[in-house]
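Report on one structure; see the data block that follows.
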Amino acid sequence: MGVVAKRLSRALWSAAFSSSACASTISRALSTCIQSKNCPYNQSLFASAWSATQRRGVKSRGSDLKPGNVIEKKGRIYQVVKAQHTTQGRGGAIIQVELRDVDSGSKSNERIRTDETVEKVFVREKSFTYLYTDEETGNIVLMEPETYEQLDVPKHLFGECYVYLQDDMEVHVQLYDERAMSASIPKRVTCTVVESEIPMRASATPQYKKVLLDNGLTVQVPKHVVEGDRIIVNTTNHSYVSR
């Protein structure tokens with residue numbers, strides 16, 4: 001370990017006097033340290049670039065908060081659901097935020113000054129394959145395509161879009177400390193029409209009618225769409241795209 005420590009020390013001193021070689025020199029020294037069996041940092045913070053980034057976080061101003069951001073507040077992790085800037089006379093500008101507690105799923109509303117310091121938490125996004133929905137727990141069971149490891153995700157993380165889940169569909173999950181923060185599906189999904197109402201009499205203006213999809217949703221479609229057709233639906237607003 002003494003040899004490794006000396007190498008790292010020399011690298012840091014060298015980097016201090018040579019800015020051009022700083023990144024590569026430190027990188028080689030850290031790599032040597034981590035690969036050493038006697039390195040005390042092995043399997044810890046420096047053993048994974050992701051874990052180092054994830055634990056560090058970053059200080060930011062309240063005015064920079066946006067929906068989707070993840071922050072740490074009073075020892076708990078929250079995801080920003082909504083954020084709206086307002087002004088309160090002499091009180092200055094504030095931002096009204098709706099926060100979702102990652103652990104409990106409960107939501108709360110808070111006011112944060114735009115100049116207030118908040119700590120954002122870094123999250124990573126991974127792709128998973130949808131397997132099935134566990135009827136007992138209500139969780140969505142996903143699979144990591146490379147390792148085949150399964151991940152249970154609460155249904156509410158998908159919001160209303162969970163009804164679009166289909167076998168082998170690729171979904172994206174945001175993770176913090178290996179916990180699912182949010183989940184999303186493709187913006188466009190192909191569904192099958194199982195029931196179609198009879199359209200009204202022909203007119204000069206475009207006509208739409210309601211149809212029932214195989215996932216239980218009802219959407220408006222052009223009158224030429226019939227039962228058995230496979231149509232593409234926009235999952236963000238549940239609207240018809242094309243046949």
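The values are calculated or read from the model by the stated rules, or taken from the named source; none is laboratory data. Everything numeric here is computed off the predicted structure, so don't read it as measured data. Neighbour counts are summed over all protein chains in view; Cβ atoms, including those assigned to glycine, are modelled from backbone coordinates with ideal geometry.
Go over the candidates Asn215, Asn237 one by one and state the one that is on the phi < 0 side of the Ramachandran plot, touching a helix residue (DSSP H, G or I) at 6+ places or on another chain (Cβ under 7 Å) and either outside any strand (DSSP E or B) or surrounded by fewer than 16 Cβ atoms within 10 Å (Cβ to Cβ) (or both).
Details: Asn237 fails: touching a helix residue (DSSP H, G or I) at 6+ places or on another chain (Cβ under 7 Å).
After ruling out the rest, the residue left standing is Asn215.
So is Tyr164 among the aromatic types (Phe, Trp, Tyr) and buried (at least 16 other Cβ atoms within 10 Å of the Cβ) or not?
Details: among the aromatic types (Phe, Trp, Tyr): yes; buried (at least 16 other Cβ atoms within 10 Å of the Cβ): yes.
Yes.
Consider Leu157 carefully, then state whether it is at pLDDT below 90 and either crowded, with 16+ Cβ neighbours inside 10 Å or in contact with a Cys (Cβ under 6 Å, 6 or more places away or on another chain) (or both). Steps first, answer last, please.
Values: at pLDDT below 90: yes; either crowded, with 16+ Cβ neighbours inside 10 Å or in contact with a Cys (Cβ under 6 Å, 6 or more places away or on another chain) (or both): yes.
It is true that Leu157 is at pLDDT below 90 and either crowded, with 16+ Cβ neighbours inside 10 Å or in contact with a Cys (Cβ under 6 Å, 6 or more places away or on another chain) (or both).
For region 173-185, which positions are out of contact with any helix residue (DSSP H, G or I) (no Cβ under 8 Å at 6 or more places or on another chain) and outside any strand (DSSP E or B)?
The answer is Glu178, and nothing else.
Between residues in region 202-230 that are under 11 Å from Cys191 (Cα atoms) and residues that are assigned to a loop (DSSP other than H, G, I, E, B) and modelled with pLDDT under 90, which pairs lie under 6 Å by C-beta distance while being six or more apart or on different chains?
Hits for this filter: Asp229/Arg243.
Consider Glu227 against the criteria (1) closer than 30 Å to Tyr78 by Cα; (2) surrounded by fewer than 16 Cβ atoms within 10 Å (Cβ to Cβ): it satisfies all of them except one. Which criterion is unmet?
Condition (1) is where Glu227 drops out.
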